[in-house]
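Since the structure comes first, as structure tokens, the remarks are kept for the end.
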Amino acid sequence: MTTTQPTAPASPPDPLPSSQVAAALARLPGVVATLAANAAQHDREASFPHEGVEAVHEAGLLTLTVATRYGGPGAGLAETVRVLRELGRGDPSVALVTAMTLFTHAEQARLGTWPDRYYRRLLAETAAGPALVNALRAEPDLGTPTRGGLPATVARRTARGWSITGRKIYSTGSVGLKWMVVWAATDENPVRVGGFIVRGDAPGVTVEPTWDHLGLRASASHDVVLTDVEVDEDATTGLTEAGTGGGLPAVVAAWHALGLPALYLGVAEAARDWLVKFLRERTPSALGAPLATLARFQAAVGEIEARLIGAEELITGLARRIDAGDEEALARAPVAKLLATRAAIRAVERAVALTGNPGLTRGNPLERHYRDVLCARVHTPQDDSILGAVGRSVLAPPDSTEGI
């Protein structure tokens with residue numbers, strides 16, 4: 001289970017759903033079709049899907065979680081889960097890039113972590129086109145901050161504010177980011193750790209094309225190298241004294257824990273759709289009828305569908321509870337991540353096993369869906385952290401206050 005920081009008093013939830021949310025959701029099918037039409041090419045070339053991100057933006061989906069007090073739609077987690085699941089059916093790389101931006105806006109809506117002048121500048125840029133944002137936290141030696149340790153990226157005091165130097169890995173959306181929130185340690189005594197708001201095109205920011213991955217090949221999760229990058233003194237979020245942990249605030253962690261597996265459920269649903277088409281059309285000469293007529297294939301597809309239904313109900317149900325302010329649902333979100341992720345992976349694995357060689361042929365999308373869905377495991381919190389925390393909470397003495 002990931003370590004979480006104390007959550008600041010949350011802003012009142014936005015009314016749901018708004019007419020803006022409904023209008024954006026109505027555009028989802030067209031956006032998904034656009035993404036699906038280009039996903040295979042971007043996967044082969046490991047090229048960033050600019051046109052897919054543009055389609056998401058034009059549909060109003062990239063800013064869906066901007067708070068109503070800023071003039072946004074004010075979508076909650078339940079709507080976000082639905083959007084990411086649908087986008088995952090089209091192209092999970094676009095869905096992942098979108099997720100990071102949606103999470104940023106949702107965090108601002110609830111916790112107000114960005115200084116107002118920077119956030120309003122971000123919002124102004126969204127009028128001109130996609131304004132992608134991501135928090136860059138992982139490093140070659142540190143790994144993920146949730147495992148503990150200080151980042152090697154350092155923010156040094158200057159006359160203007162801060163000078164940032166370091167390397168970030170797995171920086172999803174790197175080549176398309178307007179803004180980066182760079183996790184770094186200060187050169188102060190005592191040391192503070194937090195996010196520094198950096199322009200993606202700032203002098204000293206370099207993207208090194210290191211991403212050559214099994215799945216999500218179009219996500220441009222390259223290394224970002226920062227060399228003496230200057231930012232103003234107030235361009236920070238969540239600066240706290242070192243030793244308080246690198247975890248996310250509880251509500252932010254829950255959005256990640258439910259939103260990210262939702263997009264992989266979308267991948268699994270796309271795999272199921274291809275499998276159904278294959279079984280309906282595949283008619284072996286010895287059988288004289290489609291494979292879909294055989295009881296063993298019907299039962300296997302029923303097993304896949306049951307896994308996906310259960311995972312979708314779990315994710316969506318908890319998301320609605322979190323939108324309603326249910327604290328218990330916040331605590332259970334990581335467990336839902338584990339269960340939904342496993343369900344998505346097992347569903348696609350079963351589809352591959354049912355189809356044999358066609359399922360592993362690069363000309364068929366199932367092979368790509370299989371590679372993409374395996375990436376679901378890498379997101380924080382990982383399975384061992386989740387299960388360890390759950391186990392400790394169950395085994396703790398009855399009077400213990402330790403929970404999951």
Based on what the data block shows, is Leu226 surrounded by fewer than 21 Cβ atoms within 10 Å (Cβ to Cβ) and hydrophobic (A, V, I, L, M, F, W, C)?
no
Are any residues in the range 58-71 at pLDDT 95 or above, surrounded by fewer than 24 Cβ atoms within 10 Å (Cβ to Cβ) and in a loop (DSSP other than H, G, I, E, B), and if so, which ones?
Ala59, Gly60, Ala67
Just give me the residues in the range 81-101 being within 8 Å of the chain's Cα centre (by Cα) and surrounded by fewer than 24 Cβ atoms within 10 Å (Cβ to Cβ), in sequence order.
Met100
Which residue pairs have Cβ atoms under 7 Å apart, sit 6 or more places apart or on different chains, and have a first residue in the range 122-139 that is open to solvent by 20 Å² or more (accessible area, probe 1.4 Å) and a second that is among the small types (Gly, Ala, Ser) and in a strand (DSSP E or B)?
Ala135/Gly195
When Ala128 is evaluated against the numbered criteria (1) at pLDDT below 95; (2) in a helix (DSSP H, G or I); (3) under 22 Å from Asp201 (Cα atoms), which criterion, by number, is the only one it fails?
(2)
Residue in the range 249-305 that is modelled with the highest pLDDT, counting only those that are among the β-branched types (Val, Ile, Thr) and within 18 Å of the chain's Cα centre (by Cα)
Val267
Which pairs have Cβ atoms under 6 Å, sit 6 or more apart or on different chains, and link a residue in the range 312-335 that is among the aliphatic types (A, V, I, L, M) to one that is open to solvent by 50 Å² or more (accessible area, probe 1.4 Å)?
Ala329/Arg321; Ala331/Ile404
Strands (runs of 3 or more DSSP E) contained in the range 151-199 and holding at least 3 residues at pLDDT 95 or above and buried (at least 21 other Cβ atoms within 10 Å of the Cβ):
161-171, 177-186, 192-199
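The values are calculated or read from the model by the stated rules, or taken from the named source; none is laboratory data. Please read these numbers as outputs of a predicted model, since none were measured by experiment. Every residue, glycine among them, receives a Cβ derived from its backbone with ideal geometry; neighbour counts consider all protein chains shown. Just so you know, the surface numbers come from the protein's heavy atoms only, side chains and all, with ligands and any DNA or RNA stripped out. Shrake-Rupley method; radii C 1.70, N 1.55, O 1.52, S 1.80 Å.
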